[in-house]
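Notes to accompany the following structure.
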Amino acid sequence: MLVLLPPSETKSDGGSGGPLDLDSLSMPQLTAVRERLVTQLTKLAADPDASRTALGLGKGADAEIARNAALRSSPTRPALDRYTGVLYDALDAASFTKAQRAKAEARLGIGSALFGVVRAGDPIPAYRLSGGSKLPGLPTLQAVWKEVLPEALRAETGDELTVDLRSGTYQNLGRIPGAVTATVLTERPDGSRTVVSHFNKHHKGLLARALVLSRSEPADIKGLAKIAEKSGLRTEIASPTELLILT
């Protein structure tokens with residue numbers, strides 16, 4: 001089973017790993033595009049105003065631009081520890097035992113505008129690049145990644161069940177036919193349902209945690225729903241490839 005998480009805009013600083021080594025990352029089919037994007041993002045960081053425009057940053061974002069300037073020299077840490085925010089708080093990787101950590105690294109992948117997709121244990125630096133950004137001199141990131149990411153993901157997932165928790169922006173960088181998605185809906189007293197961003201991220205983090213900790217290897221959406229329900233989540237199966245999580 002492969003569970004694909006969305007990235008987050010917020011990321012931790014520092015790390016105990018050496019500088020970025022693109023050849024050490026999973027899915028080597030993506031190395032050439034990763035190299036191209038790292039080079040362009042590093043060059044862009046030399047022009048703060050252009051960086052703010054391209055990346056949608058405000059005047060107080062000098063630290064984000066500095067991260068990009070140091071992409072090739074700053075320390076790395078596992079992707080699972082690099083990303084922060086609501087979803088990753090709910091996932092709570094810091095609480096994993098050694099065995100659970102190994103399972104997380106085997107089961108979790110994370111979408112990335114800069115790296116396409118990385119595995120949870122891949123060592124990466126802090127950076128700033130969103131899926132909707134457009135770097136000068138390049139087409140959209142969707143156009144850049146569509147040449148290599150879909151095929152790389154097909155090779156990575158093979159016949160195993162894939163749970164795609166990425167947001168639409170990151171799914172569009174490389175889709176996985178047949179992957180199960182999760183939709184988090186908040187149910188109001190009148191019975192109506194709506195998407196609330198905070199709850200969406202939180203409950204996807206809880207689902208990912210349940211899938212990491214489970215001893216089961218689900219083969220289909222029914223198996224996923226069973227794991228989710230056992231962890232305390234309330235679910236409905238909307239279709240063979242869409243699981244609803246109700247809050």
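The values are calculated or read from the model by the stated rules, or taken from the named source; none is laboratory data. Only a predicted model underlies this, so the values are computations on that prediction, with no experimental measurement involved. Here the Cβ positions follow ideal geometry from the backbone for every residue, glycine too, while neighbour counts run over all protein chains shown. These area figures cover heavy atoms from the full protein model, side chains too; ligands, DNA and RNA do not enter into them. Shrake-Rupley method; radii C 1.70, N 1.55, O 1.52, S 1.80 Å.
Out of the stretch 158-188, which residues are open to solvent by 10 Å² or more (accessible area, probe 1.4 Å), within 13 Å of S130 (Cα to Cα) and outside any helix (DSSP H, G or I)?
Correct list: S167, N172.
Of the conditions (1) over 30 Å from A228 (Cβ atoms); (2) loosely packed, with under 13 Cβ neighbours inside 10 Å; (3) basic (K, R), R52 clears all except one; give me its number.
Unmet for R52, out of (1) over 30 Å from A228 (Cβ atoms); (2) loosely packed, with under 13 Cβ neighbours inside 10 Å; (3) basic (K, R): (2).
Could we say that R36 is outside any helix (DSSP H, G or I), open to solvent by 40 Å² or more (accessible area, probe 1.4 Å) and either under 30 Å from V163 (Cβ atoms) or in contact (Cβ under 8 Å) with a residue 12 or more places away in the chain (or both) here?
no
For every residue, the table says whether it meets (1) assigned to a helix (DSSP H, G or I); (2) within 28 Å of N200 (Cα to Cα); (3) more than 17 Å from the chain's Cα centre (by Cα).
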site: T31; (1), (2), (3): yes, no, yes
site: Q40; (1), (2), (3): yes, no, yes
site: S51; (1), (2), (3): yes, no, yes
site: L57; (1), (2), (3): no, yes, yes
site: A66; (1), (2), (3): yes, no, yes
site: L71; (1), (2), (3): no, no, yes
site: D89; (1), (2), (3): yes, yes, no
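Can you find a residue that is within 16 Å of L22 (Cα to Cα), out of contact with any Cys (no Cβ under 7 Å at 6 or more places or on another chain), outside any loop (DSSP other than H, G, I, E, B) and of a type outside the set (K, R) anywhere in the stretch 92-107?
no
Working only within the stretch 132-156, note down all residues that are open to solvent by 10 Å² or more (accessible area, probe 1.4 Å) and either assigned to a helix (DSSP H, G or I) or closer than 17 Å to L5 by Cβ (or both).
Those that are open to solvent by 10 Å² or more (accessible area, probe 1.4 Å) and either assigned to a helix (DSSP H, G or I) or closer than 17 Å to L5 by Cβ (or both): Q142, A143, P150, E151, R154, A155, E156.
Would the stretch 189-200 turn up any residue that is in a strand (DSSP E or B), without any contact (Cβ under 8 Å) to a residue 40 or more places away in the chain and surrounded by fewer than 19 Cβ atoms within 10 Å (Cβ to Cβ)?
Within the stretch 189-200, one or more residues are in a strand (DSSP E or B), without any contact (Cβ under 8 Å) to a residue 40 or more places away in the chain and surrounded by fewer than 19 Cβ atoms within 10 Å (Cβ to Cβ).
Taking A94, is it farther than 26 Å from H202 by Cα and either open to solvent by 10 Å² or more (accessible area, probe 1.4 Å) or of a type in the set (S, T, Y) (or both)?
So A94 fails the test.
Just to be sure I understand the filter: pairs with C-beta atoms under 8 Å, separated by 6 or more residues or on different chains, first member in the stretch 42-55 and more than 13 Å from G137 (Cα to Cα), second member assigned to a helix (DSSP H, G or I) and open to solvent by 70 Å² or more (accessible area, probe 1.4 Å). Which pairs pass?
Qualifying pairs under 8 Å: P48/D62.
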